[in-house]
Amino acid sequence: MAVSQPLDVDPTIADFAAIGQWMDEQNLPGGEFGEVTAIGGGTQNIMLRFTRGDREYVLRRGPQHLRAKSNDVIRRESRLLGALDGTEIRSPRVIAACADDSVIGAVFYLMEPIRGFNPQTELPALHAGDPEVRHGMGLSAVEAIARLGSLDYQALGLQDYGKPDGFLERQVPRWLRELESYSANEGYPGPRIPGLEQVGDWLDRHRPTDPPPGIMHGDCHLANMMFDYDSPEVAAMVDWEMSTIGDPLLDLGWQLATRPEPGTVGAGLMGTLGTVGGLPTEAEMVEHYGKFSDRDLSAVTWYTVLACFKLGIVLEGTHARAFAGKAPVPVGDFLHAVTLELFEQAQRLAE
């Protein structure tokens with residue numbers, strides 16, 4: 001059955017005639033497409049919400065101008081989310097995935113919509129008005145990553161999803177190479193990050209040995225969590241593009257490093273939640289993680305320093321691209337300020 005292209009949707013982003021034909025081949029409900037709305041998020045990947053045949057869908061694909069690995073990222077995401085389906089992990093449920101980039105010019109998948117809110121852009125009255133609810137939000141986020149890291153990834157068929165051998169040993173040199181690559185951006189003066197070498201050296205000298213591997217989300221700050229409107233509970237962890245098989249304690253370090261503290265630059269990434277506070281302390285977060293995981297938490301400070309190091313370098317990439325006109329200058333400047341704050345935090349922890 002031929003279907004019409006919804007109005008106000010660029011066919012180079014989502015050709016709904018082709019999507020409709022592909023959906024018919026997957027035996028999904030047919031008919032005309034309902035209203036299509038774009039869903040904002042923390043990445044450049046595109047998400048579109050639509051209805052067809054009395055069923056709601058969210059389509060996820062790479063950015064309009066695909067990067068070298070965009071299609072591979074979407075393929076990996078859909079594979080991982082499919083493996084998590086049926087587990088206790090709160091994550092988007094994949095309905096169908098299209099690994100063929102010739103259908104619409106990009107790999108994509110369809111998932112069920114999530115009923116919940118992103119605290120980066122919204123904070124309902126219940127959560128904004130009650131610090132105990134916000135405290136519960138932080139604990140629920142910790143529980144979510146602890147449960148994820150406790151899964152048997154091999155039993156889920158994810159043996160080849162990452163390269164866990166030598167994962168921690170690779171981190172510092174891998175991210176220093178990433179930072180060096182930013183010099184390809186015209187006009188970028190190079191990284192001006194006090195403490196860069198000292199933090200890298202400290203991480204190499206204090207690295208834990210032989211931690212058991214597990215599934216990592218990879219970017220599990222609160223802006224990549226959806227929360228229930230009626231409770232402090234996580235509705236789903238989203239944006240799995242940095243997921244891998246590695247050391248799940250880096251996810252805990254990531255949450256500790258990105259915990260929004262009112263009055264800091266980094267808290268500005270979390271909107272209202274970053275200004276009102278009420279989240280658990282670092283000690284409470286570590287204690288709560290231990291309730292759902294039997295991992296050795298004695299080196300949690302090391303993982304937090306690594307998270308500061310890695311995330312700081314990731315954010316510096318936008319700063320470098322802004323010099324070359326590839327990102328807004330105010331955004332680049334703001335994220336560079338967050339990078340400096342992360343490295344200050346890393347140095348304090350290392351001392």
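The values are calculated or read from the model by the stated rules, or taken from the named source; none is laboratory data. Computed from a predicted model, the values in this text were never measured in an experiment. Positions of Cβ are backbone-derived with ideal geometry, glycine not excepted, and every protein chain shown enters the neighbour counts. For accessibility, only protein heavy atoms count, side chains too; no ligands or nucleic acids. Shrake-Rupley method; radii C 1.70, N 1.55, O 1.52, S 1.80 Å.
Data table
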{"read-out": "Selection status of Met270, assigned by the TED database to the domain that holds Val172 and in contact with a Pro (Cβ under 7 Å, 6 or more places away or on another chain)", "value": "yes"}
{"read-out": "Failed condition for Val199, given (1) open to solvent by less than 20 Å² (accessible area, probe 1.4 Å); (2) closer than 28 Å to Pro164 by Cα; (3) free of Cβ contacts under 8 Å to residues at least 24 places away in the same chain", "value": "(3)"}
{"read-out": "Qualifying positions in the range 270-314 - open to solvent by 30 Å² or more (accessible area, probe 1.4 Å), assigned to a helix (DSSP H, G or I) and more than 18 Å from His135 (Cα to Cα)", "value": "Thr301, Val314"}
{"read-out": "Subset of the range 5-54 [open to solvent by 70 Å² or more (accessible area, probe 1.4 Å) and either modelled with pLDDT of 95 or more or of a type in the set (Ser, Thr, Tyr) (or both)]", "value": "Thr12, Gln21, Glu25, Gln26, Asn27, Arg49"}
{"read-out": "Breaking point among (1) open to solvent by 30 Å² or more (accessible area, probe 1.4 Å); (2) more than 19 Å from Leu342 (Cα to Cα); (3) of a type outside the set (D, E, K, R); (4) touching a residue at least 12 places away in the same chain (Cβ under 8 Å), for Phe167", "value": "(1)"}
{"read-out": "Among (1) part of a loop (DSSP other than H, G, I, E, B); (2) touching a residue at least 24 places away in the same chain (Cβ under 8 Å) - the single one Leu80 does not satisfy", "value": "(1)"}
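Quick grid of which residues meet (1) open to solvent by 60 Å² or more (accessible area, probe 1.4 Å); (2) part of a loop (DSSP other than H, G, I, E, B); (3) not assigned by the TED database to the domain that holds Gly266:
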| site | (1), (2), (3) |
| --- | --- |
| Ala68 | yes, yes, yes |
| Asp72 | yes, no, yes |
| Arg76 | yes, no, yes |
| Glu88 | yes, yes, yes |
| Ser91 | no, yes, yes |
| Asp100 | yes, yes, yes |
| Arg134 | no, no, no |
| Leu139 | no, no, no |
| Ala144 | no, no, no |
